[in-house]
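Taking it in order: structure first as C-alpha cells, then the write-up.
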Amino acid sequence: WGASTRLPFWLVALVLGICAAPSAAASLHASEDLQSPARRVGDMDGLLSIALGGPALALLREQSSPIDAVSVLLQACAVAIVIVLAAWLLIRASSSETEQRVFTAALLLLLGGAADYLSLSALLSGLIGGVFLQIIGGPARDSVRRDVFHFQRPLLVLVLIVSGARLELQTPWLGLGVICVLIRTAAKLAGGWAAGRVVGPVASNNLGLSLLAPGILGLAFALNVVRAAGPDAAPILAVAAVGAIGSDVIASFTGRQSGA
C-alpha cells in the first residue's frame, strides 16, 4: 500500500475479498420476495462471507498456530450458543412484549460484546445464534425475529458512524480502493451472469446489476478486523469503505440506467 503492515499479504487479500463480497440484495425486509434470484444470490454472498470471515479473524488473532486458531473459533461458537440459550430461556418465560424486546436487545449486545472482547467475528456469532434459534423454534424464535426488525436500522447507522470515526484515508489506500471497486464490479457482473445461467429463465437479465450495491456486512467485518489486528488493519477499513462508497455510486448509476 505504500505503508508498513505486518499482516501477511494473503490474509489481507482474503479479508478484502470477504469485505467486498456481501451485497445489499440480502435484506431483512419481510416485504421483499424471499425467492427472487437476486435475493437468493445476495443471501449466499452474505453467508459465505460470514462463514469465511470467522476463521479468517481467528487466523488473524492466532497467526503462529492454526490449531490455536481453530480452538479459539470453537470456543467462540460455544460462547455464542450459551448466550442464545440463556436469552431463549428468558424470552420463553416472559409474556410481556416489552420484556421480550429488552431481552432481544440484550441478546444482540451480548453476542456482539463477547465477540468484540475475544477479537473475533460478531457476524459469525450472530449467524450461529440465528441458526440455533431456528433449530429450537417456538414463540421465542418468532419474538426475536420480530424484534430484530426494530434494531436493524439503528445498528446500521451505528456501524456507519463507527466506521467513519475510525477511518484513515491515505493516497495509496485510495488507489487500492479504486482497484477494489473495479474488480468487485467485474466480479459481480460475472457472478450474476453465471448465477443466471444456473437459475434459468426466471432470473432477471439485470441480476448482476442487482448485486452491485454493497452490503453493510463488509464494513462490519472490516471493523472486526481492525479490532482484532489493531493499527495494522487500518488500510483494510479504508479500502473497504472506499470500495463500498464507489460500489454504491456505480449501483445507483446503473440502477437508473437500467430502470431498476
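A count restricted to the range 128-138 and to residues that are in contact (Cβ under 8 Å) with a residue 12 or more places away in the chain and closer than 12 Å to W88 by Cα stands at 5.
Taken as a whole, the structure leaves A233 outside the set of residues that are modelled with pLDDT of 85 or more, crowded, with 21+ Cβ neighbours inside 10 Å and in contact with a helix residue (DSSP H, G or I) (Cβ under 7 Å, 6 or more places away or on another chain).
This table checks each residue for (1) of a type outside the set (D, E); (2) within 26 Å of A58 (Cβ to Cβ); (3) at pLDDT 80 or above.
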| residue | (1), (2), (3) |
| --- | --- |
| L169 | yes, no, no |
| R184 | yes, yes, yes |
| K188 | yes, no, yes |
| V199 | yes, no, no |
| G218 | yes, yes, yes |
| A229 | yes, yes, yes |
| A238 | yes, yes, yes |
| V242 | yes, no, yes |
| S247 | yes, no, yes |
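It is to be established whether one or more residues within the range 55-62 are closer than 30 Å to V198 by Cα and either surrounded by 16 or more Cβ atoms within 10 Å (Cβ to Cβ) or modelled with pLDDT of 75 or more (or both). Looking for residues that are closer than 30 Å to V198 by Cα and either surrounded by 16 or more Cβ atoms within 10 Å (Cβ to Cβ) or modelled with pLDDT of 75 or more (or both), one finds at least one in the range 55-62, hence yes. Being surrounded by 18 or more Cβ atoms within 10 Å (Cβ to Cβ), under 16 Å from the mean Cα position of the chain (by Cα), farther than 12 Å from R166 by Cβ and of a type outside the set (K, R) is true of V239. Taken over the range 142-167, residues that are open to solvent by less than 100 Å² (accessible area, probe 1.4 Å) and over 25 Å from G129 (Cα atoms) amount to 3. Residues of the range 121-171 that are over 17 Å from A240 (Cα atoms) and among the hydroxyl-bearing types (S, T, Y): S125, S143.
Contact annotation: residue pairs with Cβ atoms under 8 Å, 6 or more positions apart or on different chains, pairing a residue in the range 101-127 that is in contact (Cβ under 8 Å) with a residue 60 or more places away in the chain and closer than 19 Å to G230 by Cβ with a partner that is open to solvent by 40 Å² or more (accessible area, probe 1.4 Å) and part of a helix (DSSP H, G or I), are D116/R227; S119/R61; S119/R227; L120/R61; A122/D116.
The values are calculated or read from the model by the stated rules, or taken from the named source; none is laboratory data. What you see is a predicted model, and the numbers here were worked out from it, not measured in a lab. Using ideal geometry, Cβ is built from the backbone for each residue, glycine included, and neighbour counts are taken over all protein chains shown. The accessibility values were calculated without ligands, DNA or RNA, using every heavy atom of the protein model including side chains. Shrake-Rupley method; radii C 1.70, N 1.55, O 1.52, S 1.80 Å.
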